[in-house]
Amino acid sequence: MNGLLLQPSLRFGGDRMGGRPIRVMIVDDSLVARTVLGRMLSERAAFEVVAQAATADQALAELGRHRVDIILLDVEMPGTDGLTALPLLIERSHGARVLIVSSACEDGAAATLRALALGAADTLPKPGAGHFAGRFAEILADRLLRIGHAPQPHAPAAPAMSHQRSRIGTARMDCIAIGASTGGIHALSAFFAAFPASCDVPILVTQHLPAVFMPYFAAQMQEIARRPARVATDGAPLVANELLIAPGDAHISLRRLGGTVRVRLDRTPAASGCLPSVDPMFAAVAEIFGAGGVGLVLSGMGRDGALGAEALVAAGGELIAQDAASSVVWGMPGVVAGAGLASEVLPPAGIGHYLASRIAGRAGTMPWR
């Protein structure tokens, strides 16, 4: 999915795993597809194809015999389809990343967003017969390298820096701003499952996605977040308990007109190169809300959000980052955590519980870890 993988990764899995090959399982009912994909990856030293399966049930059986980092998963297969099997495959594999490689991804945003919400790391349209070579092979290899290795089952849940807090949020919350990229949709689902269905603050979301996906994403977020959600338009007022989502072709900035804070769409190139970018959103929240602003940095590649996070913390706001173990890619949250900007480094559900405790006036007393 092009909108998710435009940025360089902070660190690939190989950097953490001593350079061993990324172990891949291929799940596709087409023998031709399995053979071609297997040959593509076997020709590259960075990958090791450890298993292949023609059905989801076969894949689950193979996971009992092999430890894998990434599962290449088709959607349309006999028996259990790929999307139905996806959560169980992640569970049975103890956290393997899933890359959906399917022609179903060409049918529109709905199938792609459903896959991402269920926990897929990314999606890639499968080319027709005779078109697997050349550019597709390069794109596939790049996606796999960016996703990297799965977390080790006994690895520490978070690095030592996660225990260093820049500040503990105790001020009133006036606005929550969330930035995310690769793996962000699944993280958003987990966060909102633990966050109250009603709150008295507006919520801004910048998720790296192409513009064509945004209406579908907003509809999905309305269901996931259990509150109104819409794509932000220029001049839209911030409303308590409503999600405003950055369009795919503009950043969210803010301006105060009288007593009302309104969206100002900004298309100025961002330092991160992302459009939309998390940086302008965080910077705007810092300027308008100061200590009442709260920023969340969820799973994603690169360092988008780092500059805005500095501005938000300098203004007295609070910045919370997703932890490494639960992130598909610990790029964006890893940068702000490493810079000492995050008051908390938690899994998405932990972030939801933590902010719920802040809303209830019990920050620092809830067992959100």
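The values are calculated or read from the model by the stated rules, or taken from the named source; none is laboratory data. Since this is a predicted model, take the numbers as computed values, not measurements. Reconstructed Cβ throughout: ideal geometry from the backbone, glycine too, with neighbour counts over all protein chains shown. The area values use the complete protein model at the heavy-atom level, side chains included, leaving out ligands, DNA and RNA. Shrake-Rupley method; radii C 1.70, N 1.55, O 1.52, S 1.80 Å.
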> Going by alpha carbons, how many degrees (0 to 90, nearest 10) lie between the helix axis of 348-359 and the longest principal axis of the chain?
Replying inline: 10 degrees
> In the chain, what percent of the accessible surface is made up of carbon and sulfur (1.4 Å probe, ligands and nucleic acids excluded)?
Replying inline: 55 percent
> Using alpha carbons only, how many degrees (0 to 90, rounded to 10) separate the axis of helix 278-289 from the longest principal axis of the chain?
Replying inline: 20 degrees
> For region 272-369, how big is the tail of P(r) above 20 Å, as a whole percent of Cα pairs?
Replying inline: 34 percent
> Full extension from His66 to Ala360: what is 0.36 nm times the residue separation minus their Cα-Cα distance, to one decimal in nm?
Replying inline: 101.3 nm
>> With viscosity set to 0.692 mPa s at 37 °C, what whole-number translational diffusion coefficient in µm²/s follows for region 177-265 from Stokes-Einstein and a Kirkwood radius over Cα pairs?
In response: 250 µm²/s
>> Please report Rg (one decimal) and Dmax (integer) in Å for the Cα set of the chain.
In response: 20.3, 64
>> Starting from the 7 Å offset along Cα-to-Cβ, what nm value, one decimal, do you get for the label separation of Glu287 and Arg44?
In response: 4.1 nm
> Assuming R0 = 22 Å, what is the FRET efficiency of Ile139 and Ala211, from their Cβ-Cβ distance, to the nearest 0.05?
Replying inline: 0.60
> Taking Cα atoms, how many degrees apart are the long axis of helix 31-42 and the longest axis of the chain, rounded to 10 and kept between 0 and 90?
Replying inline: 70 degrees
> Stretched out fully, how many nm does the piece from His94 to Thr260 gain, at 0.36 nm a residue minus the Cα gap?
Replying inline: 55.0 nm
> What ranking do 172-183, 59-70 get when scored by the average of other Cβ atoms within 10 Å per residue, highest first?
Replying inline: 172-183, 59-70
> Roughly how much of Tyr216 is accessible, in Å² to the nearest 10, using a 1.4 Å probe?
Replying inline: 120 Å²
